[in-house]
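**Student:** So that we are looking at the same thing, I have put the structure below in structure tokens.
The values are calculated or read from the model by the stated rules, or taken from the named source; none is laboratory data. All of these numbers come straight from a predicted model, not from anything done at the bench. All Cβ positions, glycine included, derive from the backbone under ideal geometry; neighbour counts span all protein chains shown.
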Amino acid sequence: MAIAGHRFSSVKKSPSPIPRSDNLYDLRSTAAELARDFDYVRVDLYTLKDQIYFGELTSRPVQGCYQWAR
């Protein structure tokens, strides 16, 4: 797989679709609320037994590996 010129050879697709979480609406609403004040942010949330857990907010795409223009 390649994203913006970066190759991710260790990423493998699942042979079967991942089931949709029962609380997907709540996950999306929570992510939108956390991201509201940012121009760009990735919100990592986890769900276990219908509870939502916060992972992190990431403000750089591609793990911050881009070389930024000055």
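**Student:** Out of Ser16, Ser21, Ser9, I need the residue that is touching a Leu at 6+ places or on another chain (Cβ under 7 Å), at pLDDT below 95 and not in a helix (DSSP H, G or I). Which one?
**Tutor:** Result: Ser21 is the single residue among Ser16, Ser21, Ser9 that is touching a Leu at 6+ places or on another chain (Cβ under 7 Å), at pLDDT below 95 and not in a helix (DSSP H, G or I).
**Student:** Still on this structure, I have one more. In the stretch 30-70, what residues are modelled with pLDDT of 95 or more, more than 14 Å from the chain's Cα centre (by Cα) and either acidic (Asp, Glu) or surrounded by 10 or more Cβ atoms within 10 Å (Cβ to Cβ) (or both)?
**Tutor:** Answer for the stretch 30-70, where residues must be modelled with pLDDT of 95 or more, more than 14 Å from the chain's Cα centre (by Cα) and either acidic (Asp, Glu) or surrounded by 10 or more Cβ atoms within 10 Å (Cβ to Cβ) (or both): Glu33, Asp37, Ile52.
**Student:** Report every pair of residues separated by at least 6 positions or lying on different chains whose Cβ atoms are under 7 Å apart, first residue within the stretch 16-38 and touching a residue at least 12 places away in the same chain (Cβ under 8 Å), second among the charged types (D, E, K, R).
**Tutor:** Filtered contacts from the stretch 16-38: Asp22/Asp50; Asn23/Asp50.
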